[in-house]
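Okay, so here's the structure we're looking at.
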Amino acid sequence: MIGCVLGLALPACDECCDAGGDRARADGCDCLGGERDDGQSPKTVAGARGEPDARYTVRGRVEMVPVAGKPQTEFVVHHEAIPDFKRLDGKLGMNEMSMPFPPAKSLDLSAIAVGDMVELEFAVWMKPGNLHMEATRVTKLAADAQLNLKGG
């Protein structure tokens, strides 16, 4: 999904993204955080990642939280559109969608639950061979927060 979101056509993206790269799948697509386009795990290059190329803040509703000992679980947020998101292809914008955000190692999600409305900050690295994004801050919003979500 990072490949989809950043405007790349990675082989694994064919399964989880529509032609415009605007739909993501949280159930096994390996193009965000799991497998990089060169087949390496992001963990092997984490130390060499350096400063992110961009940071974005978006609001959304939590759809899944990671559960210790269950590697198939992840942090998934259905987020509002991000009009200023800059993709690798030079286009601006990311549609509203549900997508996983790998949490930064220092991020504590213990107070976050499925259904919570949150404000999420995420960092993006967009250099070839070093595509990655991760949630760096998550703040719970009021339960009656109004989000601009059409798809759910």
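The values are calculated or read from the model by the stated rules, or taken from the named source; none is laboratory data. From a predicted model like this one, the values you see are computed outputs, not experimental measurements. A quick note on method: Cβ atoms are made from the backbone with ideal geometry, for glycine too, and the neighbour counts reach across all protein chains shown.
Some points to look at:
Residues checked against (1) surrounded by 15 or more Cβ atoms within 10 Å (Cβ to Cβ); (2) of a type in the set (Asp, Glu); (3) free of Cβ contacts under 8 Å to residues at least 40 places away in the same chain:
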site: 51; (1), (2), (3): no, yes, yes
site: 58; (1), (2), (3): yes, no, no
site: 75; (1), (2), (3): yes, no, no
site: 93; (1), (2), (3): no, no, yes
site: 98; (1), (2), (3): yes, no, no
site: 105; (1), (2), (3): no, no, yes
site: 116; (1), (2), (3): yes, yes, no
site: 125; (1), (2), (3): yes, no, no
site: 150; (1), (2), (3): no, no, no
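- Test: residue in segment 135-148 that is under 19 Å from residue 50 (Cβ atoms), surrounded by 10 or more Cβ atoms within 10 Å (Cβ to Cβ), modelled with pLDDT of 95 or more and not basic (Lys, Arg): yes
- Of everything listed in (1) under 14 Å from the mean Cα position of the chain (by Cα); (2) modelled with pLDDT of 95 or more, the single unmet condition for residue 83 is (1).
- The set of residues from segment 94-131 being under 20 Å from residue 64 (Cα atoms), of a type in the set (D, E, K, R) and outside any loop (DSSP other than H, G, I, E, B) comprises 119, 121.
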